[in-house]
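These notes concern the structure reproduced below.
The values are calculated or read from the model by the stated rules, or taken from the named source; none is laboratory data. All figures in this text were calculated on a predicted structure; none of them were measured in a lab. For neighbour counting, all protein chains shown are included, and Cβ atoms are generated from backbone atoms with ideal geometry for every residue, glycine included. Calculation scope for accessible area: heavy atoms of the full protein, side chains included, ligands and nucleic acids excluded. Shrake-Rupley method; radii C 1.70, N 1.55, O 1.52, S 1.80 Å.
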Amino acid sequence: MDVLKVTAVPAFADNYLWLIHSPKAVDQVLVVDPGDADAIGDALQRHHLTLRGMLVTHHHSDHIGGVTDLLQRYAVPVYGPNAESIPGQPHRVTEGQHVQFDELGFDFEVMELPGHTSGHIGYTGHGAVFCGDTLFSAGCGRLFEGTAAQMTASLHKLAALPIDTAVYCAHEYTLANLRFAQAVEPGNKAVAEHAERCLELRSAGTPTVPSSIGLELTINPFVRLSVETVKQAAERHAGRKLDSETETFAVLRDWKDHFRG
């Protein structure tokens, strides 16, 4: 399996904009969710990189805010979800289509991941997935436009990727998510151990991501909906029996939305 070189570009309060280096020419890069043109421009200049394309997961401003300015500086293609409004006359892509840059050795498959927004997509390939605001380490995105059923299905789709798939999400939310995961599963040793690791990483100024699908299956309550301890915790919080994973997800998501742990 290919191993990508990926550079994190911090932006705003807690965003990560990702620069994906070409397997054939490490100074040639794609950017995922370029919300801040200046942050990307500075990173390109600092690391002597050439921008060759943009991959967008959804329409929120912290993910697309830099597209127009970057296009004024770099004549590169933009790819984005078919069902959402993205600047720059993007190539609109849907489930199963491939985004290929043959000369750079890139081949990413598009995954439709509605839930956070109605048309949210992700890009998977080369042993990685760039999932925007759908899956976070130990958490998932809020439901701004989609439904609990859509997000549950999207998380199932991501969880079915190979366990060694690197998960590149768009925000540094891991410590807060782990506090919630510990409230849901206080006896989960993997959550406690990962929280310790992540505290050390953040203390050193290091990102806690990428994660991996395998790690998320052990620590993330939103992809552990069928695990009895998670289901029971959701039922206790709701005060009723929950008859489906979608119901369990909906209770967990509402719980997390109001969680102050």
* On a 0 to 90° scale, report how tilted helix 148-159 is relative to the longest principal axis of the chain, with both axes built from alpha carbons and the result rounded to the nearest 10. => 70
* Structure fact -> Expected vector for segment 53-65, Karplus 3J(HN,Hα) from phi with 6.51, -1.76, 1.60 and θ = phi - 60°, integer Hz, x for Gly and Pro, equals x, 10, 10, 10, 9, 6, 8, 5, 4, 6, 10, 10, x
* May I ask for the angle, rounded to the nearest 10°, between helix 245-257 and the longest principal axis of the chain, with both axes built from Cα atoms and the value confined to 0 to 90°? => 80
* Structure fact -> Under 5 Å from the placed amide H of Ala166, counting only residues 5+ away or on other chains, we find Ala128, Val129
* Structure fact -> Dividing the mean separation of Cα pairs under 8 Å (6+ apart) by the residue count of the chain yields a relative contact order in percent of 13
* Structure fact -> Cross-link reach from Lys24 to lysines, straight Cα distance under 18 Å and at least 8 residues apart if same chain, gives Lys5
* Structure fact -> For segment 85-102, Karplus-derived ³J(HN,Hα) couplings (6.51, -1.76, 1.60; θ = phi - 60°; whole Hz; x for glycine and proline) come out as 8, 10, x, x, 6, x, 6, 8, 10, 10, 3, x, 6, 10, 9, 10, 10, 4
* To do: Could you sort 211-218, 188-195 so that the peptide with the highest average Cβ count within 10 Å comes first and the rest follow in order?
  => 211-218, 188-195
* Would you mind getting the accessible area per residue of the chain, heavy atoms of the protein chains only, 1.4 Å probe, in Å²? => 43
* Structure fact -> Gyration tensor on Cα atoms of segment 73-128, a ≥ b ≥ c root eigenvalues, a/c under 1.5 rounded, else prolate if a/b beats b/c, else oblate, says oblate
* To do: Only Lys, Arg, Asp and Glu count, each charged at its Cβ (+1, +1, -1, -1), so figure out the dipole size of the chain about its Cα centre, rounded to 20 debye.
  => 480
* Please give every one of the lysines within straight-line cross-link reach of Lys231, meaning a C-alpha to C-alpha distance under 21 Å, and leave out same-chain neighbours fewer than 8 residues apart. => Lys157, Lys189, Lys241, Lys256
* Asked: Using alpha carbons only, how many degrees (0 to 90, rounded to 10) separate the axis of helix 37-47 from the longest principal axis of the chain?
  -> 70
* Figure the gain on full extension for Gln89 and Leu175 (residue separation times 0.36 nm, minus the Cα-Cα span) and round it to one decimal in nm. => 27.3 nm
* **Relative contact order (%) - criterion: Cα under 8 Å, at least six apart; region: segment 216-261** => 29
* Asked: In bins 10 Å wide, starting from 0, what share of all Cα pairs of segment 109-261 does each bin hold, as a percent?
  -> 12, 43, 37, 8, 0
* **Relative packing of peptides 170-179, 95-104 - highest average C-beta neighbours within 10 Å first** => 170-179, 95-104
* **³J(HN,Hα) computed for each position of segment 20-25 - Karplus, 6.51 cos²θ - 1.76 cosθ + 1.60, integer Hz, glycine/proline x** => 9, 7, 4, x, 9, 8
* Determine the gain in length on full extension of the stretch Glu145-Ser118; use 0.36 nm per residue of separation and subtract their C-alpha separation, reporting nm with one decimal. => 9.2 nm
* Taking the mean number of other Cβ atoms within 10 Å as a proxy for protection, how do you rank 121-134, 223-236 from highest to lowest? -> 121-134, 223-236
